[in-house]
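The next block holds one structure in the form of structure tokens; read it before the comments.
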């Protein structure tokens, strides 16, 4: 049997990240609904400029969802980098570690 690893703690989400994820999920839902409706129910009704306008809006909403996802990714990287830096300082920049003389293993 493989040893069980303790579950990793997840970093808490900020209010901004929660709002971004809700808004991005809503945009993706609207895009998916537009694709389904555009290919089934509205397929016969969309002609000429209506067709172009409808699918342009769908494309713009999809691009908005992608931009929100990239923004959220940058926020997650920033929080991860900050927590990694804090952990490094907490573990290696304390007085005991800094003042401890280096011991060489000359075997």
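The values are calculated or read from the model by the stated rules, or taken from the named source; none is laboratory data. The structure presented is a predicted model; accordingly, all values stated were derived computationally and were not measured. Note that we place each Cβ from the backbone using ideal geometry, even for glycine, and neighbour counts take in every protein chain shown.
Whether any residue in segment 51-70 is out of contact with any strand residue (DSSP E or B) (no Cβ under 7 Å at 6 or more places or on another chain), touching a residue at least 60 places away in the same chain (Cβ under 8 Å), in a helix (DSSP H, G or I) and under 20 Å from residue 13 (Cα atoms) is what I want to check. Working first, answer last.
From segment 51-70, those out of contact with any strand residue (DSSP E or B) (no Cβ under 7 Å at 6 or more places or on another chain) are 51-70; that's our starting set.
Narrowing further to those that are touching a residue at least 60 places away in the same chain (Cβ under 8 Å): none.
No, the conditions are met nowhere in segment 51-70.
Could you grab the pairs with beta carbons closer than 7 Å, sequence gap of 6+ or different chains, first residue in segment 8-32 and at positive phi and at pLDDT 90 or above, second one exposed (fewer than 12 other Cβ atoms within 10 Å of the Cβ) and assigned to a helix (DSSP H, G or I)?
none
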